[in-house]
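Reading through the structure tokens given below for one structure.
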Amino acid sequence: MPELPEVETVVQGLTPHLVGQQVAEVDLRRDGLRRPFPADLRQRLTGAHILSLSRRAKYGLITSDRGTLVFHLGMSGRWRIDAQIAEKHDHLRLLTGAGTWLALNDARRFGSVDWLEADGGGDFAPFAALGPEPLGSDFTADYLAAALRMRGTPIKNLLLDQSIVAGLGNIYVCEALHIAHISPLTRGRDVPRKNIVPLVAAIRQVLADAIAAGGSTIRDHRQISGELGYFSHSWRVYGRANQPCPSCAAPILRHVQSGRSSFYCAKCQR
Ligand SMILES: [Zn+2]
């Protein structure tokens, strides 16, 4: 499943193909993905001038002079470049003024496409509930300490709560907790204050490393899925049950929390 770094990689990969371009043609090949495409999407996008691309949590934003197309890659979404010949599962294609076809391809159709008006109207509900960006300046140790205070829920679950911090997924939480020497089972209120600065730094580090890995593999890559970031990256604990901890060689443990696997070292993480 594409996580925050993959979405960031996709946004960075699409940027040179879209920014400064006028949308010449829009090909909607079905009515929607997990929900219907916005009404009049073809009319809204055709002729729009693309101003910028950005990311919020796991959403990609394509901002034009007419408004912003918001996409989510769901479980299996990816963008294809040079998609002049439509392939199976290409659900939306755009032709730029430069003659490049881009296709949003999503075999399982858990992704979504939404539209925000240029005047900021039409509140997009999923954004309203999101906490700060983990790579943004609002995500500080003071902020996180306040968010964890009084919480009896394990730190692992709190970091996956999108209203506390936006866009963090299972892999990156497992990795950051290992770097910061915090057990995923520790209750939020029991995480020592002195460990919160390293935890914020670890979260930023694992995301930045993954974005760098994805970005380094995207050049000359015709399918902007970002998923190469996974293959080029070796995880410290994620998916490594019973293998040696990279710090102390004790076996990595796997523990299911709220239906998601946590991987951690009981010796290094308290
Ligand atoms: Zn260890």
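Computed values, structure above
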item: Verdict on Asp106 being of a type in the set (Asp, Glu) and surrounded by fewer than 18 Cβ atoms within 10 Å (Cβ to Cβ); result: no
item: Helices (runs of 4 or more DSSP H) wholly inside the range 121-189 that include at least 3 residues being more than 23 Å from Gly60 (Cβ to Cβ); result: 141-148, 155-160, 170-179
item: Selection from the range 167-212 of residues that are free of Cβ contacts under 8 Å to residues at least 40 places away in the same chain, farther than 17 Å from Ala147 by Cβ and surrounded by 19 or more Cβ atoms within 10 Å (Cβ to Cβ); result: Val206
item: Strands (runs of 3 or more DSSP E) wholly inside the range 11-81 that include at least 2 residues being among the basic types (Lys, Arg); result: 50-56, 77-81
item: Of residues in the range 78-98 being closer than 15 Å to Val26 by Cβ and of a type outside the set (A, V, I, L, M, F, W, C), the one surrounded by the most Cβ atoms within 10 Å (Cβ to Cβ); result: His91
item: Top-ranked residue in the range 152-207 [being polar (S, T, N, Q) and over 20 Å from Leu130 (Cα atoms); ranked as nearest to the chain's Cα centre (by Cα)]; result: Gln205
item: Residue in the range 62-77 that is surrounded by fewer than 18 Cβ atoms within 10 Å (Cβ to Cβ) and either over 23 Å from the mean Cα position of the chain (by Cα) or over 19 Å from Pro2 (Cα atoms) (or both) present; result: yes
item: Flag for Arg236 being within 16 Å of the ligand (Cβ to nearest atom), modelled with pLDDT under 95 and either polar (S, T, N, Q) or touching a Ser or Thr at 6+ places or on another chain (Cβ under 6 Å) (or both); result: no
item: Of all residues making up the range 244-267, the number that are part of a loop (DSSP other than H, G, I, E, B) and within 11 Å of the ligand (Cβ to nearest atom); result: 10
item: Index of the failed condition, Pro126 passing every other in (1) modelled with pLDDT under 95; (2) surrounded by fewer than 15 Cβ atoms within 10 Å (Cβ to Cβ); result: (2)
item: Qualifying positions in the range 81-115 - over 11 Å from His17 (Cβ atoms) and charged (D, E, K, R); result: Glu87, Lys88, Asp90, Arg93, Asp106, Arg108, Arg109, Asp114
item: Residues (in contact (Cβ under 8 Å) with a residue 40 or more places away in the chain and assigned to a strand (DSSP E or B)) located in the range 95-104; result: Leu95, Thr96, Leu102
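The values are calculated or read from the model by the stated rules, or taken from the named source; none is laboratory data. Predicted model only: the values in this text are computed from it and were never measured. In this analysis, Cβ positions are derived from the backbone assuming ideal geometry, glycine residues included, and neighbour counts consider all displayed protein chains.
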